[in-house]
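Just below is one structure, and these are the notes that go with it.
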Amino acid sequence: MSRPRAPTVKAARSGRALRIVLLFVVGTAPVFVFVDTASAAAALVSIPTGPFVDGQSIAVSGSGFPTRAQDPTGLQIIECSDPDGSPANLPTDPSLGCEGITVNPGQINTDSAGRFHVSYAIAALSSSAGTSSIDCDATHQCVLWVGTDYNNAFLSGPHAFTTPFRVNANPATAPSTTSVSTPTTVVPTSSGTTPPGVSSNAAGVGSLASTGLPGLVLWLGGLGVPMVLLGLLGRRLTVARARTPE
């Protein structure tokens, strides 16, 4: 009756290496999940620098929003008040701080990366004149809210506010074109809103922020290396066992 054969040194080392790779795969998986979630939550919106004129069409661009496949109904844009242009005064309730008649008339669809670029008509609004419940004019600053559903997910869904702007009633004071000024990117929190106490111009002037690599690429890049290592170790174990004498 033969005794069980003790494992060889080579097999023991291969076993330890295999356990290390497995620990690496398990430990890094949450990291890739976090990166993918964070990149999907960073909604940004850019507009030209104001002031604008009542009825003027401006370019509105955004990134970090759900793709058309994820949100077939498209995005919404609505004009909201922002007294003194302060992040602390951004509206929290669309029924109190925004004007429903300013919602974009057509559907805004994003591309496969969650980006969009549309034209939007700015409106001068006056509570004293009875045209609106909010004020957006040469002395009262406003913002644009962009998101998936301003009625039911104003702050809870993917959204972002633009930088504050004023609306002049006199066309003579308006910019000659809508593309003279370079777009300014807002600085949202993870939910897309500008944090209180932080200047809305903190990001400076520039183009849309990059949302990074798509989540699928991150997963493939992160899991590809461990899978290759696992394959090589499995092959070494097979060869080592084949060479061990019975």
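Every read-out reported here was derived from the displayed coordinates using simple, explicitly stated rules and does not represent laboratory data. Since the model is a prediction, treat every value here as computed from it, not as a measurement. Cβ placement follows ideal geometry from the backbone for every residue including glycine, while neighbour counts extend to all protein chains displayed.
So the values come out like this:
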read-out: Hits in segment 107-128 (condition: over 22 Å from the mean Cα position of the chain (by Cα) and in contact (Cβ under 8 Å) with a residue 12 or more places away in the chain); value: Ala121, Ile122, Ala123, Ala124, Leu125
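Yes/no matrix, rows are residues, columns are (1) without any contact (Cβ under 8 Å) to a residue 12 or more places away in the chain; (2) under 20 Å from Tyr120 (Cα atoms); (3) over 22 Å from the mean Cα position of the chain (by Cα):
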residue	(1), (2), (3)
Pro51	no, yes, yes
Ala59	no, yes, no
Ser63	no, yes, no
Ala69	no, no, no
Gly74	no, yes, no
Cys80	no, yes, no
